[in-house]
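Report on one structure; see the data block that follows.
The values are calculated or read from the model by the stated rules, or taken from the named source; none is laboratory data. Predicted, not measured: the structure shown is a model, and the values here were computed from it. Glycine also receives a Cβ, built like all others from the backbone with ideal geometry; neighbour counts cover every protein chain displayed. Only protein heavy atoms, including side chains, enter the accessible area calculation; ligands, DNA and RNA are left aside. Shrake-Rupley method; radii C 1.70, N 1.55, O 1.52, S 1.80 Å.
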Amino acid sequence: METRPFLEMKGISKQFPGVKALNKVDLAVYPGEVHALVGENGAGKSTIIKIIMGVYQRDEGTISLNGEEIHVTNVIEADKLGLAAVYQDLTLAPDLSIGENFFMGQFPRKKNGMIDWNHVYEKTADTLKALNVDVNPRLRITELSPAMQEMVAIAKTVHKKSKLVIFDEPTALLSNEEVDILFGIIKKLKASGVSVVYISHRLEEIFTICDNVTVLKDGQHVKTLPVKDTNESQLISFMVGRSLSDMYNIEHYPKGDELLRVEDLNRGKILKDISFNVRRGEIFGLFGLVGSGRTEVVRAIYGADAIDSGTVYLNGQKEIIKHPSQAIALGIGLLPEDRKHQGLALSQTINHNINLASYKAISKFNFVLGKKERERSTESVKRLRVKTPSIHQLVGNLSGGNQQKVIIAKWLCCESKLFIFDEPTVGIDVGAKQEIYKLIEELTREGHAVILISSYLPEVMGLADRIGVLHEGSMSHIVEREQFSEETLLRYASGL
Amino acid sequence: MKLFSKKNKLRLAEGNLLVIVIILMVILSFATKNFFTVNNLRNLVRQTSVNGIIALGMTFVIISGGIDLSVGSIVGVASIVIAKLLVGGMPIFPAIIIALVVCGALGAVNGFIIQYGKVPPFIATLGMMQAARGIVMLLSNARMIAGLPKAFTGFAQLVFAGFPSLFFVWFLVIIVTFILTTKTIFGRNIFAYGSNIEAARLSGINTAAVTLSVYTLSGILSGLAGILMTSRLGNGIPTAGQGYEMDAIASAVVGGASLSGGSGTIIGTVLGALLISLIQNGGNLLGINAFILQIIVGVLIVASVWYDQIRKTTKS
């Protein structure tokens, strides 16, 4: 490893109204190094990235590239200096092709002044192929799956020959195979001397791919050390002062009667003869790779998508559910995969979101009883320990974990009996994850049933009583808790 | 002060607007001889009422994340329909009901096209704006319809307790729409729908019903405004309401409604409508060139949204 870091940040501080987001933080990333940045939400990770990328300006401290001090004031300057970031919210132009996205702002021209499209698409195809990303460069971004979009965004940084690439939760949307491809790309970046900053809540990834790790807590630098000198539980204790072992350690309660039975659910080529049941007090896991139909199963039950055939029984009673409102009336609550776009009205208050699905219960002749509305919100906020100064706070201002709690509160207000959690902990920090798990445990203790979808094996294995494994729209196996093993589940999910 | 109590807090934008409106009124009272006269104030209120009522309907549409460009043409429809019916000898009350039903139906057509045809609101209502104006021209042969009964044309001239009758109609609409937006499930649902339609649907809200009702409501209120305007002008006028969609949108936006949906208030829109009328009325009295006033209103619209954006970004 070279002796001089490519990026060196010293004594960086940043003050926001009311919070010291960063307090004299140091960070050094060497060429060819993959450097992990870990910490709970609010620890200051995203603030650091935004300072590197020129979105925010530092209050104190110095940043240098190759020993030369820099002052980046916007993303375009950062781009010119070879700094790139792959965010969860992707920054590709959705209606343009992959090739157009790669060459945006620097299209090669033919002699007559027209764009040399052949060159664009050939070059793009070369870059993609070199990274094992199998996709036609002429496709538009909207035609790609979210996981593929992310691959393309990463490939773009390679194309632009960035010298420092920041990955912010890159695996949140990816299946295990795709994670392998991603890690392959990162290794190639590393081999060509690119510096990588890697942020993830999935700590085991850090041990697979990173060289060094920096732990942040409450805006302070806690420690930087080589990953080979540490382990997951030590990292977690640096981050929060809790140990890993009790992460998924929830109580499993005795199961009651059957609450939900699904028979032969079919929807085009997406769902094929899906059958399973869920009992009261049970956590039924749904596992499968991206595109296996996990989310589609629950959307079909919930009445969010139309189905071709199939029967749903609740408490033994046959029900036809054609609209979410019917599912809600029957006691089903859905926490959707994408909480920002499907789960919450972000520009509305906590008070509004919590009561959103159950105004009938707190109104007279369609007039909302404002006092009851506020009482219910206040109670829910207290019960679920939502961290907020007031129930009139906009939901968009809350952290991911607290947003998820608001959605749970919404369904508790509907007196739901069956809670469907679709990827409940994506992009949520360790502490909040544990709280969500505790809430799931509480729900089952009260005799509610839970369907848990997760693409993250340790999570679904740690929590579920049984797991239905999906492969290309069919549920070929339902595995009992005693038989859980990563290998079996992955094999079933891959159709083996 | 009750208005500023925690429960019913005026938003910052509304508070600022109220202050601006009051300051402007005080300045105009001193700067011109004619502003603070009974006649001028009554005229101001009559003028503002018509735009104010349309703008309230528009506020519902904008909160839902949509836009209604057809309101001006629907004002024209109302004017011609009621004039034809009255000249044809129909009693006033049923004629009003029929005109309102026709305008509500046109609004419902907007909603239907937007909901089931997945046509963007801008396009759907742009089409309706053209088509409805065409209907007006056909029905009236593009001619004014005169000879309306005195009982009808007299209404707009009536004064109760010092206030012109149109003010009371506007006030009634303000009260009803205020209650609808702040106190009812319907109101809560429109905000949720405008903020995130998919989250609203997955929370069991009947989104089709929301789309249909906001555009129908906008049609009915435009119809009501058209009827009042016809009473005030004394004739059925085929060009009535031309360009009113812009005043209505401007009032809502200056009042703090966001075109991206999910925000907007009745009080804000009322103040927005007042401010725009005040600038026009005061400007006229001060002898400012009408074209300059137009520039001022244009700047005001952009500046108020700009200011709002600055406030939002500095907050977050």
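Points worth noting:
- For A:Arg491, the accessible surface of its heavy atoms amounts to roughly 100 Å² (probe 1.4 Å, protein chains only, rounded to the nearest 10).
- Signed unit charges on C-beta, dipole axis of region A:90-133, positive-most listed residue A:Val133, A:Ala93, A:His119: A:His119
- Here the Kirkwood formula, the inverse mean of 1/r across different C-alpha pairs, assigns region B:150-271 a hydrodynamic radius of 16.2 Å.
- Structure note, pairs A:Lys129/A:Lys340; A:Lys322/A:Lys387; A:Lys123/A:Lys269; A:Lys161/A:Lys340; A:Lys272/A:Lys318; A:Lys188/A:Lys433: Cα-Cα distances above 26 angstrom occur for A:Lys129/A:Lys340; A:Lys322/A:Lys387; A:Lys123/A:Lys269; A:Lys161/A:Lys340; A:Lys188/A:Lys433.
- Å² of accessible area per residue within region A:329-387, as computed with a 1.4 Å probe and no ligands counted: 50 Å²
- Label-to-label distance for A:Leu96 and B:Val305 is 2.5 nm, based on points extended 7 Å past Cα in the beta-carbon direction.
- Under a model in which nothing but the beta-carbon of Lys, Arg (+1) and Asp, Glu (-1) is charged, the protein assembly as shown shows a dipole of about 3300 debye around its Cα centre.
- Within the accessible area of chain B, the carbon and sulfur atoms contribute 71%, probe 1.4 Å, all protein chains present.
- The alpha-carbon positions of region A:25-101 define a convex hull whose volume is 132 Å³ per residue.
- Peptide A:325-331 is shielded by partner chain Cβ atoms: per residue, an average of 2 of them sit within 10 Å of its Cβ.
- Distance between region A:287-323 and region B:58-106 - C-alpha centres, whole angstrom: 44 Å
- Extending 7 Å from the Cα toward the beta-carbon at both B:Leu259 and A:Val75 defines two label points whose distance is 2.2 nm.
- Between the listed residues A:Phe287, A:Gly473, A:Gly401, the Cα displaced farthest toward the positive end of the dipole of chain A, a dipole computed from Cβ unit charges relative to the Cα centre, is found at A:Gly401.
- A Förster radius of 30 Å combined with the Cβ-Cβ distance from A:Glu480 to A:Ala130 puts the calculated FRET efficiency at roughly 0.10.
- Taking the square roots of 5 times each eigenvalue of the Cα gyration tensor of region A:264-336, largest first, gives ellipsoid semi-axes of 18, 15, 13 Å.
- Considering only Cα atoms, the convex hull volume of chain B works out to 150 Å³ per residue.
- Under a model in which nothing but the beta-carbon of Lys, Arg (+1) and Asp, Glu (-1) is charged, chain B shows a dipole of about 560 debye around its Cα centre.
- Region B:1-131 - Kirkwood radius from inverse mean 1/r over Cα pairs (Å): 18.1 Å
- Largest to smallest accessible area among B:Thr239, A:Thr157 [probe 1.4 Å]: B:Thr239, A:Thr157
- Put simply, chains A and B cover up around 2000 Å² of each other's accessible surface, both sides summed, when a 1.4 Å probe is used.
- Loop GluC sites (Glu not before Pro), region A:414-471, which have at most 13 other Cβ atoms in a 10 Å radius of their Cβ (DSSP): A:Glu415, A:Glu446
- Protein-protein interface of region B:198-231, residues with accessible area decrease of at least 50 Å², isolated chain reference, 1.4 Å probe: B:Arg201, B:Leu202, B:Ser203
- With a Förster radius of 30 Å applied to the C-beta separation of B:Lys150 and B:Val38, the computed FRET efficiency comes to 0.80.
- Karplus 3J(HN,Hα) series, Hz, for region B:274-289 with 6.51 cos²θ - 1.76 cosθ + 1.60 (x for Gly, Pro): 4, 4, 5, 4, 4, 4, 5, 5, x, x, 4, 5, 7, x, 7, 3
- Size-normalised alpha-carbon gyration radius of chain A, reference 2.2 N^0.38 Å: 1.04
- Residues B:Met90 and B:Arg143, FRET efficiency given R0 of 22 Å [Cβ-Cβ distance, rounded to 0.05]: 0.65
- Amide H contacts for A:His448 (H built 1.01 Å from N in the peptide plane; partners 5 or more residues away or on another chain; cut-off under 5 Å): A:Gly281.
- For region B:95-109, backbone phi angles converted through the Karplus equation (6.51, -1.76, 1.60; θ = phi - 60°) give residue-by-residue couplings of 4, 4, 4, 4, 4, 5, 5, 4, 5, x, 5, 4, x, 4, 4 Hz, Gly and Pro being listed as x.
- Exceedance of the 20 Å cut-off in Cα-Cα distance is limited, within the set A:Lys80/A:Lys163; A:Lys14/A:Lys228; A:Lys45/A:Lys223; A:Lys187/A:Lys223; A:Lys20/A:Lys50, to A:Lys14/A:Lys228; A:Lys187/A:Lys223.
- Estimated distance in nm for a label pair at A:Ser64 and A:Glu251, the labels positioned 7 Å out from Cα along Cα-to-Cβ: 5.8 nm
- Dipole magnitude (debye, nearest 20) for region A:288-420, charges at Cβ of Lys, Arg, Asp, Glu: 600 debye
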